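The values are calculated or read from the model by the stated rules, or taken from the named source; none is laboratory data. For clarity, every value in this text was computed on a predicted model and none was experimentally measured. We place every Cβ from the backbone using ideal geometry, glycine too, and count neighbours over all the protein chains shown. Ligands, DNA and RNA are excluded from the accessible area calculation, which covers all protein heavy atoms including side chains. Shrake-Rupley method; radii C 1.70, N 1.55, O 1.52, S 1.80 Å.
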Amino acid sequence: MAINPYTAMVYKVDWLQLTENTKSDIDDEILGLDGSQFFKLLKKLGYKDFEETAPRYFYNSGLTIGRYLNVYYDDPKKELLGYSPQNCMFQFTGQGSTDLALKLAQYYKTDNFEMIWYDFFKEIYDFDVKITRLDVALDDFSGVLNFAQMERKLKRHEFRSSKKTYNIMRNAETSGKVKGATIYLGERKRHQDGYLIRFYDKYAEYKQKGAVLPVQVENVITGEGSHVWQRYEMEIHGKACENFINKILGGYTFGLLYKGLMRNAIEFLKASRTNKNRSYWQVCDWWEKFLDGAEKCKLTTPERDLDIGRLLRWLRVAVVPSLHLLDEIGKEKNFDIYKIIKDCNIKPYAKKQERLKREALDLPNEVVEGYIDDFKEGRY
């Protein structure tokens, strides 16, 4: 039976940011991380080996794990900066949110991610925290929405929207070839209470970076995959974020809330030749199908962009043959490709590489040895 592309899309939490009041109830003294219940929860989840990082947002101190989990706070032993929020901020980027979801799955001992996030929000509800930003991404691996069609509707004003602005940005090579486009609805404002939406080509973004794609998108060994990955993302802030979380705790699904917010943000319309009043125009069938499909979609296991096993398989198939070829050429032309590689200066690891490194270091030695044996033998 064919899979309905509208219900085969999946949700993920792609950014989470919260603040926690860490002042003493008795004398209003700033306690820093010592007064943070959320920081204690992070340690229970297995977060360790934080490193110092430059403070931001008028805090006087900062900690990070791989730049995908950032903690900004006021250390009571240091002088406070002007405009200090006098609380703690916890920031999980896209990679950080994936890592948190996987740790929460172990913590709550379930792979039902709708329930995992419900339990997490419920647990921290008793902490003195405010979730100030939540990004909910809907990943589409079959190309349900046609960006060119959406762009035409926007340019012709064949839509209704609660957003005052839209913007279309393209990434292109110097030759003029477009490498991907992003459609924005709304705009980001400091301390805003609302949400903005991004539709963009995640596949083009990964190809531009030369990153290893999820297997369902592109299998480096077999060449199979959909070769499509589009993301329809909501960035929710302030009171809108609080309302979203409260409705999750009230029993609403991510899909139902996403559908409601998306419909409120925009509806693409069928233009009428006889009636110029857009309030009478009907919503496009393809947009209704998308919204109905979005309501039925679920949160699933977040796609690990990379792990040590997939990295080794990719190296074995895509890199090792080329290295052997360069080694042979080097013997004739008097250069050592392996020494050249070792001497290369590289940029700091990306967030996903930092997360891979930490995951790999936490693996039992026998598991890593198994991966290495597979690599040596060419077992895929």
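Given a 1.4 Å probe and the protein chains all in place, what does the accessible area of residue 13 round to, in Å² to the nearest 10?
Counting only protein heavy atoms, the figure is 10 Å².
Between 34, 292, 119, find the one with the highest GNM mean-square fluctuation for the chain; connect C-alpha pairs within less than 10 Å.
Looking only at 34, 292, 119, the biggest GNM fluctuation is shown by 34.
List the lysines whose alpha-carbon lies under 18 Å from that of residue 77, not counting same-chain residues fewer than 8 positions away?
Once the sequence-local lysines are set aside, what remains near residue 77 is 23.
Please give every one of the lysines within straight-line cross-link reach of residue 270, meaning a C-alpha to C-alpha distance under 22 Å, and leave out same-chain neighbours fewer than 8 residues apart.
Partners within reach: 153, 155, 163, 164, 259, 289.
Please report the spacing between the Cα centers of the stretch 237-257 and the stretch 295-348 in Å, no decimals.
First find each Cα centre; the distance between them is then 41 Å.
Regarding the chain, what's the average projected area of the Cα-atom convex hull, expressed in nm²?
That works out to 25.8 nm², a quarter of the Cα hull's surface.
Taking the simple approach of a point 7 Å from Cα along Cα-to-Cβ for both residue 119 and residue 328, what is their distance in nm?
Each label point is offset 7 Å from its Cα along the Cβ direction, giving 5.5 nm.
Excluding residues on the same chain fewer than 8 positions from residue 342, give the aspartates and glutamates whose Cα lies under 16 Å from its Cα.
Once the sequence-local aspartates and glutamates are set aside, what remains near residue 342 is 327.
If r is the Cβ-Cβ distance from residue 86 to residue 252 and R0 is 51 Å, what FRET efficiency results, to the nearest 0.05?
For residue 86 and residue 252, the calculated efficiency is 0.95.
Return the Cα extents of the stretch 133-291 along principal axes one, two and three, sorted largest first, each rounded to a whole Å.
Largest first, the stretch 133-291 extends 50, 45, 31 Å along its Cα principal axes.
Where only protein heavy atoms count, and the probe is 1.4 Å, what is the accessible area per residue for the stretch 109-175 in Å²?
58
Heavy atoms of the protein only, probe of 1.4 Å, neighbouring chains included. What is the accessible area of residue 185 in Å², nearest 10?
Its heavy atoms expose roughly 0 Å² to the probe.
Cross-link list 103/189; 48/189; 43/357; 109/239: which exceed 26 angstrom alpha carbon to alpha carbon?
As for pairs spanning more than 26 Å Cα to Cα, those are 103/189; 48/189; 109/239.
Over the stretch 103-221, consider all pairs of different Cα atoms and compute the Kirkwood hydrodynamic radius from their mean reciprocal separation; express it in Å, one decimal.
18.0
Carbon-plus-sulfur fraction of the accessible area of the chain, 1.4 Å probe, in percent?
Whole-percent figure for carbon plus sulfur exposure: 49.
Is the shape of the stretch 59-169 rounded, prolate or oblate, going by the alpha carbon gyration tensor and its root eigenvalues a ≥ b ≥ c, with a/c under 1.5 for rounded and a/b larger than b/c for prolate?
Taking the square roots of the gyration eigenvalues as a ≥ b ≥ c, the stretch 59-169 is oblate.
Which percent, to the nearest 5, of DSSP beta bridges fully inside the chain are antiparallel?
The antiparallel fraction comes to roughly 95 percent.
Could you give me D for the stretch 295-366, from Stokes-Einstein at 25 °C and 0.890 mPa s, where the hydrodynamic radius is the Kirkwood radius over C-alpha pairs? Units µm² s⁻¹, please.
Once the numbers are plugged in, D ends up at 159 µm²/s.
Hull surface divided by four, with the convex hull built on the Cα atoms of the stretch 239-380: how many nm²?
Taking the Cα atoms of the stretch 239-380, their convex hull projects to 17.5 nm² on average.
Considering only 11, 47, 83, give the residue with the highest GNM mean-square fluctuation for the chain, with springs between Cα atoms whenever their separation is below 10 Å.
83
Give me the net charge for the shell around residue 153: Cβ to Cβ below 12 angstrom, other residues only, Lys and Arg +1, Asp and Glu -1.
Local charge sum for residue 153: +3.
So what's the back-of-envelope 222 nm ellipticity for the chain, counting only DSSP H runs of four-plus at -39500 (n - 2.57) apiece and dividing by all residues, rounded to 500?
Taken over the chain, the calculation gives -11500 deg cm²/dmol.
Over the chain, calculate the relative contact order: mean separation of alpha carbon pairs under 8 Å at least 6 apart, over the residue count, as a percent.
In percent, rounded to a whole number, it is 18.
Near residue 89, within a Cβ-to-Cβ distance under 12 Å, what is the net charge of the other residues, with Lys and Arg +1 and Asp and Glu -1?
Neighbourhood net charge equals +1.
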